[in-house]
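Okay, structure first, notes after.
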Amino acid sequence: MKEFKRYLVTSALPYANGPVHIGHLAGVYIPSDIYVRYLRLRGRDVVWVCGSDEHGVPITIKARAEGVTPQDIVDKYNAVIKESFHELGISFDIYSRTTSPVHAQTASAFFRTLYDKGEFTEQTTMQYFDPEAGVFLADRYVTGTCPHCQNERAYGDQCEKCGSTLNPTDLIQPRSTITGGAPVMKETTHWYLPLDRHEGFLRDWILECHKEWKANVYGQCKSWLDLGLQPRAVSRDLDWGIPVPVEGAEGKVLYVWFDAPIGYISATKELTPDWEKYWKDPQTKLVHFIGKDNIVFHCIVFPAMLRAHGGFILPENVPANEFLNLESDKISTSRNWAVWLHEYLEDFPGKQDVLRYVLCANAPETKDNDFTWKDFQARNNNELVAVLGNFVNRALVLTGKYFDGAIPAAGSLTDQDRDVLAELPRLRTSLEENIEQYRFREALRDAMAFARLGNKYLADTEPWKVYKDDPGRVATILNVSLQITANLAVAIEPFMPFTAAKLLGMLALDKPSWETLGSAEIIPAGHRLGTPELLFEKIEDAEIERQLQKLADARKSNEEGNREAAVEPQKGSIAFEDFGRMDIRVATVMEAEKIAKTKKLLRLKIDTGFDKREIVSGIAEYYTPEELVGRQVLVLVNLEPRELKGVLSQGMILMAQDPATGRLTLMSPASRVGPGAVVK
């Protein structure tokens, strides 16, 4: 294994359009905090940088919705995020922001270097433009009907109903979110980073040199490389962001995916004048902590940027985690389905380490995992209180009771004592190995194993029964127990720093070095302990019920909001002559069958009273063919024919869509009439 002189650790920049939630913590910030605290305890030269990502379309959308400036939005949420991280004990060396002057200068200079080296290509493409607002529309400023699921509120980059990735031009009946009008296509020119030029290097560097990367990271990179890399735009038509620093680029800013990772460099510049030794010396180990949605940017795009620039080191590892769900449902900021960090800190004062412990114990390291409030309560009560807290309390209270709070000298050791003490260095080795390999759940189990070892040792030796007949034996038992306790204080510090500090206070010890971990002689005989107190307290059912009720209220509020928002506003007025041009008739369904290799399409043969024709309708998820045969429906018969899946569809069946559920319902006459009856 390669040895390094120093470490540079980065954590994904949280987006400053809202607070941080438990998904962010479990995926990125708690794992990286554990890793950095461990490195510091080992005496390593390590710098940990992070900061708010403050550019991009979602911020401008939120600002427009709230009637404030984008700067107002990022100022608000940068403060909320930074303070809540601090309260949770997330120990960045610097928490910066991408609206800082240093970042603007750094990102501009980075772009200009690549531009001057000819590393970009220019492409003129057609993009949606809002003629009323006079602006080009970024993906999120275009909404319309999803071509896959017919969701009428799909965004230009994604349909949140079916999860499909989209381009704005994929949308049916696109409209601008700024004015509500139909956009037009207009030429625009942007700069692109030709990732295909770096594909050979990236393939060798990742697939051959970094086979040790986590399977999810390696696999996602391989999929992208196997598909073939394409150029990616590095600029956008926006008025919020870092201006593109070349002539003729008025109204264009650096695209956020290009801008944001440079924030790691600018944050390091702000932190230390020696920033280059962390970014340009091959003896530095660079590690990116991210969620799985950022794998491509940190493993393919950013390394290509760094290589194109020249002089920078590349990441040695990118230990990305999967996603954390909440109560068996996907965390959603738009639906307020989340546990927000700043709210947790208000609701559970003094319980920072409980959240840190639970999120690490249940971290989505290899697959998506689920956070539930009942599990949170059980882990606190059954593990932190009943195991860790119970062992520490018994060891200290018994020492106070039998030896007036002074560490008794150990007498002769039994085989049982020696076996227990022999476990200490073994646990240290396993703990170190797991942290070094980014297996933080396993490492936490190792740290807790010190407490489990001590608990079992006290239960097996029962010093409270032995003292009357053999106080010397009890002195040995408690000496061993307190050595385990001191080891525990060292082992848990990366995971639960507040608890470790509290425990060290109870032991009246300065923070021991990591090198003492595994030792049976951390605390000398005669050392006087501090005052014992409970490390953790039980969480009652009522506290959990309040959190569950908060989620239930959020779900109810979201459903009610959806019902209100789902009712579409009245469309613009039309002349009676326009309505008169539509020929709507009552028709009878004669035949119905599913169209092969589709989930939603039915082929219907109908009798219009004046002909027999076929219509393709996307109602297979609501009606079976058997339900439709013989049914009368309303049909727009003079709609221009269109071929769908090889069938010429001549008309459109009229449906009503429930604004709350989105379900489609056939419109039929109240009583049976002859086919061909005109709807007026």
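Since every read-out is calculated from the coordinates, none of them should be taken as a lab result. Model, not experiment: these values are computed from the prediction. Every residue, glycine among them, receives a Cβ derived from its backbone with ideal geometry; neighbour counts consider all protein chains shown.
Across all directions, the shadow cast by the convex hull of the stretch 1-65 built on its C-alpha atoms averages 5.8 square nanometres.
Which angle between 0 and 90 degrees, to the nearest 10, do you get for helix 415-436 versus the longest principal axis of the chain when only C-alpha atoms count? It works out to around 40 degrees. Two decimals, Cα atoms only, Kirkwood Rh: what is Rg/Rh over the stretch 110-217? When Rh is taken as the Kirkwood radius, the ratio is 1.12. A DSSP coil position with no more than 13 other Cβ atoms inside 10 Å describes the following trypsin sites (Lys or Arg not before Pro) in the stretch 235-294: LYS280. Would you work out the charge dipole size for the chain about its Cα centre, treating the Cβ of every Lys and Arg as +1 and the Cβ of every Asp and Glu as -1, and quote it to the nearest 20 debye? Charge dipole, the chain, about its Cα centre: 780 debye, nearest 20.
Could you calculate the FRET efficiency of ASP470 with HIS86 from 1/(1 + (r/R0)^6), where r is the beta carbon distance between them and R0 is 41 Å, rounded to 0.05?
Values: r = 50 Å, r/R0 = 1.22.
The pair ASP470/HIS86 has a calculated efficiency of 0.25.
Taking 0.36 nm per residue of separation and subtracting the Cα-Cα distance, full extension of the segment from SER164 to ARG112 would add 15.2 nm.
Label-to-label distance, GLN657 versus GLU533, with points set 7 angstrom from Cα along the beta-carbon direction: 5.9 nm.
Anything over 26 Å Cα to Cα? Flag those among LYS82/LYS367; LYS161/LYS214; LYS468/LYS538; LYS2/LYS280; LYS214/LYS599, in the order listed. Display every interim value, and only then the final one.
On the way: LYS82/LYS367 28 Å; LYS161/LYS214 30 Å; LYS468/LYS538 33 Å; LYS2/LYS280 17 Å; LYS214/LYS599 36 Å.
Beyond 26 Å between Cα atoms: LYS82/LYS367; LYS161/LYS214; LYS468/LYS538; LYS214/LYS599.
Each of the GluC sites (Glu not before Pro) that DSSP puts in a loop and that has at most 15 other Cβ atoms within 10 Å breaks the chain; the longest unbroken stretch is 251-520. Near GLU433, once Lys and Arg are set to +1 and Asp and Glu to -1 for all other residues with Cβ below 14 Å from its Cβ, the sum equals +1. With each label modelled as a point 7 angstrom along the Cα→C-beta vector, the LEU413-GLN283 pair spans 3.9 nm. Cα-Cα over 29 Å: which of LYS277/LYS502; LYS222/LYS269; LYS456/LYS550; LYS62/LYS556; LYS62/LYS186? The answer is LYS277/LYS502; LYS222/LYS269; LYS456/LYS550.
Rounded to whole numbers, the Karplus 3J(HN,Hα) couplings from phi for the stretch 117-132 are 7, x, 7, 9, 10, 9, 9, 9, 10, 8, 9, 5, 9, 8, x, 6 Hz, using 6.51 cos²θ - 1.76 cosθ + 1.60 with θ = phi - 60°, and x at Gly and Pro.
When both the stretch 425-453 and the stretch 470-500 are represented by their alpha-carbon centers, they are found 16 Å apart.
Sparse packing (at most 12 other Cβ atoms within 10 Å of the Cβ) combined with a DSSP loop state is found for the following trypsin sites (Lys or Arg not before Pro) in the stretch 327-386: LYS367. Ellipsoid semi-axes for the stretch 221-317, based on the Cα gyration tensor and the rule √(5λ), read 24, 20, 12 Å when sorted largest first. Sparsely packed loop sites in the stretch 168-219 (the trypsin sites (Lys or Arg not before Pro) outside DSSP H, G, I, E and B with at most 14 other Cβ atoms within 10 Å) comprise LYS211. A convex hull fitted around the alpha carbon atoms of the stretch 403-445 yields 107 Å³ per residue.
Length gained on full extension, ASP139 to ALA459, computed as 0.36 nm times the residue gap minus the Cα-Cα distance: 108.9 nm. Segment LYS556..LEU639, full-extension length gain: 25.8 nm, with 0.36 nm per residue of separation and the alpha-carbon distance subtracted. Please compute the net charge surrounding ALA109, taking Lys and Arg as +1 and Asp and Glu as -1 over other residues with Cβ under 12 Å from its Cβ. Residues near ALA109 contribute +1 overall.
Assuming a viscosity of 0.890 mPa s and a temperature of 25 °C, what translational diffusion coefficient in µm² per second does Stokes-Einstein assign to the stretch 321-458, Rh being the Kirkwood radius over Cα pairs? In µm²/s, the coefficient rounds to 139.
Computing Cα Rg over 2.2 N^0.38 Å directly from the structure and comparing it against (i) 1.05; (ii) 1.31; (iii) 1.21 singles out (iii). A Förster distance of 35 Å, applied to the separation of the beta-carbon atoms of ASP293 and THR179, puts the FRET efficiency at 0.70. Here the alpha carbons of the stretch 288-368 define both size measures, Rg and Dmax, at 16.8, 49 Å. In this rough spin-label picture, where each label sits 7 Å from Cα along the Cβ direction, the GLU626-PHE576 distance is 4.8 nm. Dividing the alpha-carbon radius of gyration of the stretch 570-680 by the rule-of-thumb value 2.2 N^0.38 Å gives 1.08.
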